[in-house]
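Only the coordinates and a few stated rules stand behind these numbers; no lab work does. In this text the structure is predicted, and so the values were computed from the model without any measurement. Positions of Cβ are backbone-derived with ideal geometry, glycine not excepted, and every protein chain shown enters the neighbour counts.
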Amino acid sequence: MKKKTLFSILALIFSIAYIAHTIKVDELGEAISTADPKFLLLSFVMAFSAILVSTLRWYVILRKLQDTSFKKTLTAVLSGFYMMAFLPPSFGHVAKVKLVGGDYFKALSALAFGIAIEVLIIAGISLLVFGATAWGILLLGLLLVLLLYETGPYKLLQWGLCSVRWISPRLAEKFESWLERVYSAWKHSKRDPATFLISLLLSLLALLLQVGGIITVGRAFGLPVGPVEALKAFILSTIFASVSGIPSGVGANELGITLALGSSTKSALVAFTYKFIYQYFWSSVGAVEFYRAVGGRS
C-alpha cells in the first residue's frame, strides 16, 4: 500500500473517531428535532449559488480562450462533485476539465487560474484570522509572484525539460507542447484586466457564500457562529481536506469545522450538515449530470 493512501486512510479513521467521540446521542436527538428548516433551506440556496458563482468564474476565464457554453461548464462542475466522491480532489478537478470540452490545456489553465486566485484570497485572509507570521507572509508573497509573474515558473520548467530531452526527445517535445499551451492560456487570462477583476470578485463572493453557509447551518441548530469563527472553520476544513487527500474530504472537512467551532455535539452536527448541503448532496446531482454528459444527452 502506498504511503499516501495509508496516510489518507489513517486520517479518515482519526477524523471520524474524534468527531464520534464528541457526539452525545441524547444531545444529538434534541438538536436534530429543534432544527429550523428555514435556515436549512437558505443554506441549500447559498450552496447552489456558490456553485453557480464558481462555474461563472471558470466560464468567464475560459470563454476568452475558446468557445464554450455556461451549461456545459456547469455540467462539468457538477460532475466534478461526483468524481471527487471517489477520487482525490486534484484528480477530480483534472477529470472535470475533460468534460468541458475544447482544448484540454486551455480549460485546465482557466480552471487553475481561477482556483489560484481563490487560494491567494484564502491565504491572505488566513494571515488576518490566525495572525501573520514570517513564513505565512513569505508563502503569500510566493503565491502572488506565481500568479502574476508566470514567466519565472515557465522558464524553470523549460529548464527542467532539458534534462528530459536527453532521455527521450519525443517525450520532451510533447511535454514542451503541453507546457506552452498552459503558459499561453495562463498569460492570456492574466493579461485581461476585466477578466482578472471579475475572477477576483467572483472568488470573494464564492468564499462569502461558503463561509456564510457555516453561519446559517449553525443558526439552524441554535449554535451561534460569528464571521471570524466561520472563517476559521472554513480555512481549517480546506487545509485538513487538502492535506489528508481523502476523496471529497470526508471526515477531514468535518474535523476542521468541529475544531474551529469548539468540539461539541452541535458543532459536529453543523459540520456534517454543512458538508451534506455543500458537497455530498451535489455529488448525487453530479452523478446524473456526469452520466448524461458521457452518454451524449447533455
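What the table below lists for this structure:
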| read-out | value |
| --- | --- |
| Close pairs (7 angstrom Cβ cut-off, 6 or more residues apart or separate chains): free of Cβ contacts under 8 Å to residues at least 40 places away in the same chain in the stretch 249-270, among the small types (G, A, S) and buried (at least 23 other Cβ atoms within 10 Å of the Cβ) anywhere | N253/S237; N253/A241; G256/A233; G256/S237; A260/A233 |
| Within the stretch 214-228, tally of residues that are surrounded by fewer than 24 Cβ atoms within 10 Å (Cβ to Cβ) and within 18 Å of I19 (Cα to Cα) | 2 |
| Members of the stretch 186-231 found to be in contact (Cβ under 8 Å) with a residue 24 or more places away in the chain and charged (D, E, K, R), listed by number | K187, K190, D192, R219, E229 |
| Pick from the stretch 241-258, criterion surrounded by 22 or more Cβ atoms within 10 Å (Cβ to Cβ) and more than 23 Å from E27 (Cα to Cα), ranking: farthest from the chain's Cα centre (by Cα) | S244 |
| Complete set of residues in the stretch 218-231 that are more than 16 Å from the chain's Cα centre (by Cα) and not in a loop (DSSP other than H, G, I, E, B) | G218, R219, A220, P227, V228, E229, A230 |
| Neighbours by Cβ (under 6 Å, 6+ apart or cross-chain): first from the stretch 32-51, outside any helix (DSSP H, G or I); second among the aromatic types (F, W, Y) | A35/F221 |
| Selection within the stretch 66-111 - within 19 Å of E180 (Cα to Cα), surrounded by 20 or more Cβ atoms within 10 Å (Cβ to Cβ) and touching a residue at least 40 places away in the same chain (Cβ under 8 Å) | F105, K106, A107, L108, S109, A110, L111 |
